[in-house]
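To start, the structure under review is shown below, and the notes come after it.
The values are calculated or read from the model by the stated rules, or taken from the named source; none is laboratory data. Not measured: the values here are computed from a predicted model. Cβ: placed from backbone, ideal geometry, glycine included. Neighbour counts: every protein chain shown. When the accessible area is computed, the model is the full protein with side chains, heavy atoms only, and any ligands, DNA or RNA have been set aside. Shrake-Rupley method; radii C 1.70, N 1.55, O 1.52, S 1.80 Å.
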Amino acid sequence: PEEFVARTRRAFEGVRGASIEVLDVAAMERLGMGAILSVGRGSARPPRMLIVRYRGAGTAPLVALAGKGITFDSGGISLKPGSGMWAMKGDMAGAASVVGAALSLAKAQAPVNVVAIAALAENMPSGTATRPGDVVRAYNGKTIEILNTDAEGRLVLADAVAYAERHYRPAAIVDVATLTGAVTTALGDEYAGLFSRHDALAGQLSAAG
């Protein structure tokens, strides 16, 4: 997580209209972000919530992008099988996508307002790791019982999405994640899953893609 933040800072150096805020463990504890904190508890590398904002359209409505940033996913106490675990360094692809989108918009000085939130954590097993059966409280006040510590993506995104909603009141929130391998069982390797409660927004995203 800290390296992701450092590289983001370097990438945005000198880019007009962009600002970066980083919530460390102490800040997230004060805010009550128990979901993302529970995922990072087992790692020696502490979690971070990275917020990149680009203002290119004055007071126009803002779009929020939230990305799952699990920099390595062992599965935690609910350990993944060893085969293929090497690929789990790619579990931060959602966070990379949303921060990359914000960087592209900012470098192009696009006439839009956007905030990209990267929920960064390393999911590891240890004596301090979250256990199956633990109950945590997310940023929005809801409690979550952890049945499987390898379902960590929805936890970090829960705090990121709730933070975006409360702090920015965006016109739309789009989250991006390598959330579950089951989507490839359903759709194969050629398609990605897109879920929305708003058909018009889903159509816009599909057309843009």
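Under Stokes-Einstein, with the Kirkwood radius over Cα pairs as Rh, the value for region 20-91 at 20 °C and 1.002 mPa s is 147 µm²/s.
Helix 2-11 against the longest principal axis of the chain: what's the angle in degrees, Cα atoms only, rounded to the nearest 10? Its long axis makes an angle of about 20 degrees.
How much of the DSSP beta bridge set in the chain is antiparallel, as a percent to the nearest 5? Present the calculation step by step, with values, prior to reporting the outcome.
Details: 17 of 33 bridges.
Taking every DSSP beta bridge within the chain, about 50 percent pair in antiparallel fashion.
The per residue volume of the convex hull around the alpha-carbon atoms of region 105-209 is 165 Å³. Largest to smallest in accessible area, the residues L31, L50 fall in the order L31, L50 (1.4 Å probe, all protein chains included). Here the extension length gained between S19 and A208 equals 65.5 nm, from 0.36 nm per residue of separation less the Cα-Cα distance. Please state, to two decimals, what the Cα-based radius of gyration of the chain comes to when divided by 2.2 N^0.38 Å (N = residues). With N residues counted in the chain, Rg over 2.2 N^0.38 Å equals 1.00. Cross-link partners of K89 among lysines, defined as those whose alpha carbon lies under 25 angstrom from its own and excluding same-chain residues fewer than eight positions apart: K68, K80.
The trypsin sites (Lys or Arg not before Pro) of region 103-153 that meet both conditions, a loop assignment by DSSP and at most 14 other Cβ atoms within 10 Å of the site Cβ, are K142. By the equivalent-ellipsoid construction on the alpha carbon gyration tensor, region 72-161 comes out with semi-axes of 29, 18, 8 Å, ordered largest to smallest.
Dipole size in debye (nearest 20) for the chain around its Cα centre, Lys and Arg Cβ +1, Asp and Glu Cβ -1?
580 debye
The residues R10, R48, R169, R41, sorted by heavy-atom accessible surface at 1.4 Å with ligands and nucleic acids left out, run R169, R10, R41, R48 from largest to smallest.
Compute the accessible area per residue over the chain, keeping the other protein chains in place, probe 1.4 Å, unit Å². Spell out each step's value before the answer.
Values: 11050 Å² over 209 residues.
On a per-residue basis, 53 Å².
What 222 nm value per residue comes from the helices of the chain, counting each DSSP H run with n ≥ 4 as -39,500 (n - 2.57) and dividing by all residues, nearest 500 deg cm²/dmol? Let's see the in-between values first.
On the way: 7 runs with 71 residues, N = 209.
Helices in the chain give a 222 nm mean residue ellipticity of -10000 deg cm²/dmol.
Ranked from the most accessible area to the least, with a 1.4 Å probe and all protein chains present, what is the order of L147, L23? Intermediate values should be presented prior to the final figure.
On the way: L147 135, L23 10 Å².
Most to least solvent-accessible, the answer reads L147, L23.
Summary: within the chain, the longest segment free of chymotrypsin sites (Phe, Trp or Tyr not before Pro) located in DSSP loops with at most 12 other C-beta atoms within 10 Å is 1-190. When the solvent-accessible area of the chain is split by element, carbon and sulfur atoms take up 54 percent of it, the probe being 1.4 Å.
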